[in-house]
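Note sheet for the following structure.
The values are calculated or read from the model by the stated rules, or taken from the named source; none is laboratory data. Note that the coordinates shown come from a computational prediction; the quantities given were computed from them, not determined experimentally. For neighbour counting, all protein chains shown are included, and Cβ atoms are generated from backbone atoms with ideal geometry for every residue, glycine included.
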Amino acid sequence: MKNNIWNILKKEIREMFRDKKSLTMMLILPLMIPLLVIGMSALFEAQTNKSASEYNHIGFDYKMSAVEKDIAEKVGIKVIHGEKDQLREKYKRDEIDLYITREGNKYTIHGEKNDTTIYATALVETYFSSYKEYLQSEYLVNHHVSPEDVVNIISVDQKVIETENFFANYITNYAFLFIVMAITVSATYPATDTTAGEKERGTLETLLTFPVKSRDIIVGKFLSVSLSSFITGIISLVLTMISLVIANDMFKIYEKVNLMLPLESFVFAIVVIIAYSLLISGLCIAIASTCKTFKEAQSALTPLTFLSFFPSFIAFMTNLESSTLLSMIPFLNFTLLFTDITSGNINYLNILLMFISTIIIIIVILFIIIKQYKSEKVLFN
Amino acid sequence: MLQVSDLKKKFVKYNSKREKEEFYADNGISFQAKEGEIIGILGPNGAGKTTLLRMVAGILEPTSGTISYGNLSFETNGIEIKKDIAYLSGNTKIYQSLSTYELLKMCCDIYGVDKGLIETRIQEIATILEMNSFLYNRIENLSTGQTQRVNIARCLIHDPKYYILDEATTGLDIISSQIILNFIKEEKKRGKTILYSTHYMEEAENICDRVIMVNKGIVIKEGTPAYIKKDTNTTNLRDAFFQLIGDENNEK
């Protein structure tokens, strides 16, 4: 029995590695990961390190005093004067980033909310805070009160330690989510080819005439598809690690963080990749083997592809945290465990539960496929 | 000896009103095939020949009836029986991305050919079928005739006792067809039992020891070509077949 599984596996591997499309799916997708990591990091950095000159052109519809001009200069505002209507037009033409109007002691900031006005508003608020402080101090001096006693009545020091880097978390989670996607896509093509494809090409009939048990045929096919998705997963993981190390050195947003995973995390990431590769391969073969043609199988597998991404996206977007129960829910558990692993919170029990539940599901799936292959419907449905 | 008794196969189809309809592709077929005998299974398209041969080859499960090879039956010895069978049909395709050598090696491994004999056996078959020039080429790069020789080699490699050939010459040119017919004659000389289905009556008349004529899932005549021609008072199997169909229709 073992020999026949090996014979079928050898045949499948030969076919898979000689098929350009299977190889492309297996190897090309992981190459997207460095592009994703470097590209997104560059985007984040561009947004974070926005030059002040991109948002400091502020319009004023009133004549500023020497003190106001001085404060504006100190906080980095480039002052543009004009009538309210003129300023509105300039704003529309993007010549200024915000404009301020005054009626007595009431100042109003005008603008439409976007990336630039968020930065410009923060700048203007700093300006008004400083100007207000100046006016309050002046008032107190005129009334013979020391401003130091009133303005600095309390002092606040910040000792907030940055334990998590938002960008680092975001980019690593995204990269690992992409690994899941790459494994899924990598499993679909060989699974389709080895079942529906073989049926369509007429070689399944040949295979069924061989003195080989259905169980051996299915296990051989299952292992070959799992191998394909596992290879994709490992290449993706290695490329993710390399990209993260490069990004770590390349971008200031990761200045105080170490994006390189420790060895233990790397090992457990491989465990999750193995489990996911086995699960998705089993599911893909189960679905594709009910189809008559390659095209039909591809259509049938599309919902599975979405189904595999969907829980991962939900977990990712809602910052869901892993738990004993969630570790046993297929698809969701892989993303949650990846998040745990990348953040260094490895929970051995959760990983064990994920592995056991996945193995149980795979056994059930294989049992169903073997039953399908014992029935003549697999060939003549 | 191959013994087929009262073999039936029921299928379900849907009619134009999307209602289920059951029908028998084969309805009580029985015959025997001895060592060194070529049995022709003749009939038009849809007669039930392919279903019959697929059941005999163990690809399809009969609805009822028995198939036994010597004292072995599929219910209990499916894998053992398949080791002694070679199945080749017009629809049988082989793995295009493998080389001839790899395919034959795989077949040897699967059929349990003694490891020490595998190389000798492959070289022997390659010489018999004149495949040495393309033994290590991928099958996808071979001509139709060469591919057909590889298909025959696949059947020969484990030296089976029984050959089940289902319209193996259909769609082939005259040279490729001749390769198959020569192969059948050679194997008969070696004492192999051959079931050969075709709708080419002349072909069957030339090579078959006995003929089983099938129509609509039942045997309408069985015997040597000479007997059938004499019994139907015709000069060839084609005329005999049409006469028998006519008789059958008249009886109904």
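When residue B:235 is tested against (1) in a helix (DSSP H, G or I); (2) more than 18 Å from the chain's Cα centre (by Cα); (3) free of Cβ contacts under 8 Å to residues at least 12 places away in the same chain, only condition (1) is not met. Taken together, the residues in the stretch B:53-75 that are aromatic (Phe, Trp, Tyr) and more than 16 Å from residue B:193 (Cα to Cα) amount to 1.
Is it the case, given these coordinates, that residue A:205 is of a type in the set (Asp, Glu), surrounded by fewer than 24 Cβ atoms within 10 Å (Cβ to Cβ), within 14 Å of chain B (Cβ to nearest Cβ) and closer than 19 Å to residue A:22 by Cβ?
On the way: of a type in the set (Asp, Glu): yes; surrounded by fewer than 24 Cβ atoms within 10 Å (Cβ to Cβ): yes; within 14 Å of chain B (Cβ to nearest Cβ): yes; closer than 19 Å to residue A:22 by Cβ: no.
So residue A:205 does not fit the description; no.
Kindly establish whether residue B:147 is in contact (Cβ under 8 Å) with a residue 40 or more places away in the chain, closer than 23 Å to residue B:174 by Cβ, among the hydroxyl-bearing types (Ser, Thr, Tyr) and more than 9 Å from every other protein chain (Cβ to nearest Cβ). So residue B:147 fits the description; yes. Candidates B:139, B:122, B:157: the one that is within 13 Å of chain A (Cβ to nearest Cβ), among the hydrophobic types (A, V, I, L, M, F, W, C) and over 22 Å from the mean Cα position of the chain (by Cα) is B:139. Cβ separations smaller than 7 Å between residues 6+ apart or across chains give the following pairs from the stretch A:11-33 residues that are closer than 15 Å to residue A:223 by Cβ to residues that are outside any helix (DSSP H, G or I) and at pLDDT 85 or above: A:11/B:95; A:14/B:97; A:14/B:98; A:15/B:95; A:15/B:97. Looking at residue A:125, is it touching a strand residue (DSSP E or B) at 6+ places or on another chain (Cβ under 9 Å) and at pLDDT 90 or above? Taking the combined requirement at face value, the residue satisfies it.
I'd like the residue in the stretch A:1-46 that is aliphatic (A, V, I, L, M) and within 12 Å of chain B (Cβ to nearest Cβ) and, out of all such residues, is farthest from residue A:233 (Cα to Cα). In this case the residue turns out to be A:1.
What residue, among those in the stretch A:116-137 that are more than 14 Å from residue A:56 (Cβ to Cβ) and of a type outside the set (A, V, I, L, M, F, W, C), is surrounded by the fewest Cβ atoms within 10 Å (Cβ to Cβ)? Show your work before the answer.
Going through the stretch A:116-137, the residues more than 14 Å from residue A:56 (Cβ to Cβ) turn out to be A:128-137.
With of a type outside the set (A, V, I, L, M, F, W, C) added as a condition, the list becomes A:129-134, A:136-137.
Values: A:129: 12, A:130: 17, A:131: 19, A:132: 10, A:133: 13, A:134: 15, A:136: 13, A:137: 16.
This residue is A:132.
Checked against (1) more than 20 Å from the chain's Cα centre (by Cα); (2) farther than 30 Å from residue B:58 by Cβ; (3) not in a helix (DSSP H, G or I), residue A:291 passes all but condition (2). The set of residues from the stretch B:167-198 being in contact with a strand residue (DSSP E or B) (Cβ under 8 Å, 6 or more places away or on another chain), crowded, with 16+ Cβ neighbours inside 10 Å and assigned to a loop (DSSP other than H, G, I, E, B) comprises B:167, B:168, B:169, B:192.
Per the conditions (1) touching a strand residue (DSSP E or B) at 6+ places or on another chain (Cβ under 8 Å); (2) surrounded by 12 or more Cβ atoms within 10 Å (Cβ to Cβ), the sole criterion not satisfied by residue A:108 is (2). From the list A:280, A:235, the lone residue that is part of a helix (DSSP H, G or I), in the same structural domain as residue A:348 (by TED's automatic domain parsing) and closer than 14 Å to residue A:191 by Cβ is A:280. Checking B:153, B:240, B:226 one by one, the residue that is buried (at least 22 other Cβ atoms within 10 Å of the Cβ), of a type in the set (A, V, I, L, M) and in the same structural domain as residue B:70 (by TED's automatic domain parsing) is B:240 and no other.
Residue check: is residue A:296 of a type in the set (Asp, Glu) and in contact (Cβ under 8 Å) with a residue 60 or more places away in the chain?
On the way: of a type in the set (Asp, Glu): yes; in contact (Cβ under 8 Å) with a residue 60 or more places away in the chain: yes.
Yes, satisfied.
The one condition from (1) crowded, with 17+ Cβ neighbours inside 10 Å; (2) in contact with a strand residue (DSSP E or B) (Cβ under 6 Å, 6 or more places away or on another chain); (3) outside any strand (DSSP E or B) that residue A:7 does not meet is (2). No other residue among B:128, B:118, B:180, B:194 is touching a Leu at 6+ places or on another chain (Cβ under 9 Å) and closer than 28 Å to residue A:6 by Cβ apart from B:118.
Within the stretch A:134-141, does at least one residue satisfy the condition of being in contact with a strand residue (DSSP E or B) (Cβ under 6 Å, 6 or more places away or on another chain) and in contact (Cβ under 8 Å) with a residue 12 or more places away in the chain?
First, the residues of the stretch A:134-141 that are in contact with a strand residue (DSSP E or B) (Cβ under 6 Å, 6 or more places away or on another chain): none.
No; the residues of the stretch A:134-141 include none that is in contact with a strand residue (DSSP E or B) (Cβ under 6 Å, 6 or more places away or on another chain) and in contact (Cβ under 8 Å) with a residue 12 or more places away in the chain.
For residue A:168, the conditions (1) within 30 Å of residue A:36 (Cβ to Cβ); (2) within 14 Å of chain B (Cβ to nearest Cβ) all hold with the exception of (2). Residue pairs whose Cβ atoms lie under 7 Å apart, separated by 6 or more positions or on different chains, with the first residue in the stretch B:61-81 and within 17 Å of residue B:164 (Cα to Cα) and the second aromatic (Phe, Trp, Tyr) and modelled with pLDDT of 90 or more, are B:69/B:162; B:81/B:69. Only one of the listed residues (A:359, A:346, A:370) is away from every other protein chain (no Cβ under 14 Å), within 21 Å of residue A:233 (Cβ to Cβ) and assigned to a helix (DSSP H, G or I). That residue is A:359. Each residue in the stretch B:62-107 was checked for being within 12 Å of chain A (Cβ to nearest Cβ), within 11 Å of residue B:7 (Cβ to Cβ) and under 18 Å from the mean Cα position of the chain (by Cα), and 1 of them qualify. Once the stretch B:108-119 is narrowed to residues that are in a helix (DSSP H, G or I) and more than 10 Å from every other protein chain (Cβ to nearest Cβ), the residue that is surrounded by the most Cβ atoms within 10 Å (Cβ to Cβ) is B:118.
To keep it simple, each residue is scored yes or no on (1) surrounded by 13 or more Cβ atoms within 10 Å (Cβ to Cβ); (2) within 14 Å of chain A (Cβ to nearest Cβ).
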position	(1), (2)
B:15	no, no
B:18	no, no
B:24	yes, no
B:29	yes, no
B:37	yes, no
B:45	no, no
B:54	yes, yes
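Criterion first (modelled with pLDDT of 90 or more, in contact with a Gly (Cβ under 9 Å, 6 or more places away or on another chain) and buried (at least 24 other Cβ atoms within 10 Å of the Cβ)) does residue A:183 satisfy it? Lay out the reasoning, then the answer.
On the way: modelled with pLDDT of 90 or more: yes; in contact with a Gly (Cβ under 9 Å, 6 or more places away or on another chain): yes; buried (at least 24 other Cβ atoms within 10 Å of the Cβ): yes.
Against the criterion (modelled with pLDDT of 90 or more, in contact with a Gly (Cβ under 9 Å, 6 or more places away or on another chain) and buried (at least 24 other Cβ atoms within 10 Å of the Cβ)), residue A:183 qualifies.
Tell me, yes or no, whether the stretch B:71-82 has at least one residue that is surrounded by 21 or more Cβ atoms within 10 Å (Cβ to Cβ) and either modelled with pLDDT of 90 or more or among the polar types (S, T, N, Q) (or both). Yes - at least one qualifying residue is present in the stretch B:71-82.
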